[in-house]
């Protein structure tokens, strides 16, 4: 099993003047600790679940490019880019640039968008939900076409591209893995089955709901003739971790157990945020008492895959 780190909060105790240095250290610490991936939200205002709209919020793709320059191995993605924020041709070009400059470490995280407040605040059109899903599907079609090297005109209902040229092409073949965020059963999971390489579902919904969502995804895969096992299943959660498990936190052993339960459901990668992500000590704890044990957990349905090789970076 793999673990990924999401960084949704850029308001740190040492203040905005040190934000770049702090985020750079977080990226390096995450890679050193053995995280498989690093994710940032693609929002322009902070969301209510994390803090006030006025709190610091970095633009996602620029932040990932900065993180790529600080690291060598960790994979990088947005969790997730709202389809309304950028024209799809430019979005694919941006994602390709990150993949090229990071030597093939990018994910293409995308979703239907939901935060009306930041759309209105910055003058970005916010169409109805039905249209946002239509735009999402067209964006996925455009991404597949551009990454296939096909620059013939694309003529959709919402987007028309006269020549969707993409040069240089992405390092990853056939393209960076496409992660579609959300657990909507009729539209989102159907798009995952038809166009995606990975899904992402909130772990806090509970094991029964997760099991149900994965069953729905399997049915969509059957309906479109897609191999369910081709799709990477990921979850998103918050991990409150402490060595002693005080004040409502989990001990390292309890955290490993929680990841093992996700693996039993068939979750390939558990992605989580850390409320104290700016504290270097939390990465030491993860590196020595959590991640090496999680890497040895076999995911249900993938027993034929080898265990992650032991790291040789001197951390674990």
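Bear in mind that the values in this text are calculations on the coordinates, not laboratory data. As the structure is a computational prediction, the values presented were derived from the model and not from experiment. Here the Cβ is made from the backbone with ideal geometry for all residues, glycine too, and neighbour counts use every protein chain on show.
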Inset, instruction - Would you mind telling me which numbered condition in (1) in contact with a helix residue (DSSP H, G or I) (Cβ under 8 Å, 6 or more places away or on another chain); (2) in a helix (DSSP H, G or I); (3) free of Cβ contacts under 8 Å to residues at least 24 places away in the same chain residue 211 fails? - result: (3)
Legend entry - Per-region count, region 283-300, residues touching a helix residue (DSSP H, G or I) at 6+ places or on another chain (Cβ under 9 Å), surrounded by fewer than 19 Cβ atoms within 10 Å (Cβ to Cβ) and not in a loop (DSSP other than H, G, I, E, B): 5
Inset, instruction - Determine whether residue 193 is surrounded by 14 or more Cβ atoms within 10 Å (Cβ to Cβ), over 30 Å from residue 145 (Cβ atoms) and within 19 Å of the chain's Cα centre (by Cα). - result: no
Legend entry - All positions within region 182-195 that are in contact (Cβ under 8 Å) with a residue 40 or more places away in the chain and closer than 11 Å to residue 233 by Cα: none
Inset, instruction - Residue by residue through region 81-110, note down the ones that are assigned to a loop (DSSP other than H, G, I, E, B) and over 20 Å from residue 36 (Cα atoms). - result: 83, 84, 85, 86, 87
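When the residues of region 145-177 are filtered to those that are part of a loop (DSSP other than H, G, I, E, B) and in contact with a strand residue (DSSP E or B) (Cβ under 7 Å, 6 or more places away or on another chain), which remaining residue is surrounded by the fewest Cβ atoms within 10 Å (Cβ to Cβ)?
From region 145-177, those part of a loop (DSSP other than H, G, I, E, B) are 149-153, 156-159, 162-177; that's our starting set.
From the residues that got through so far, the ones that are in contact with a strand residue (DSSP E or B) (Cβ under 7 Å, 6 or more places away or on another chain) too are 153, 164, 176-177.
Details: 153: 9, 164: 21, 176: 27, 177: 16.
Step by step, filter region 145-177, then rank; the result is 153.
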Legend entry - Tabulated pairs, region 234-249, first at positive phi, second surrounded by fewer than 20 Cβ atoms within 10 Å (Cβ to Cβ) and part of a loop (DSSP other than H, G, I, E, B), C-beta under 6 angstrom, 6+ apart or interchain: 245/251
Inset, instruction - Could you identify the single residue in 44, 108 that is touching a helix residue (DSSP H, G or I) at 6+ places or on another chain (Cβ under 8 Å) and closer than 16 Å to residue 8 by Cα? - result: 44
Legend entry - When residues of region 101-120 are limited to those that are closer than 21 Å to residue 46 by Cβ and in contact (Cβ under 8 Å) with a residue 40 or more places away in the chain, the one farthest from the chain's Cα centre (by Cα): 117
Inset, instruction - Collect the residues in region 228-277 that are more than 21 Å from residue 40 (Cα to Cα) and part of a strand (DSSP E or B), keeping them in residue-number order. - result: 250
Legend entry - Which numbered condition residue 32 fails, given (1) part of a helix (DSSP H, G or I); (2) buried (at least 23 other Cβ atoms within 10 Å of the Cβ): (2)
Inset, instruction - Check region 218-225 and report whether any residue there is within 14 Å of the chain's Cα centre (by Cα), in contact (Cβ under 8 Å) with a residue 24 or more places away in the chain and over 14 Å from residue 109 (Cβ atoms). - result: no
Legend entry - Residue list for region 111-137, restricted to those being in contact with a strand residue (DSSP E or B) (Cβ under 8 Å, 6 or more places away or on another chain) and either farther than 26 Å from residue 6 by Cβ or part of a helix (DSSP H, G or I) (or both): 136
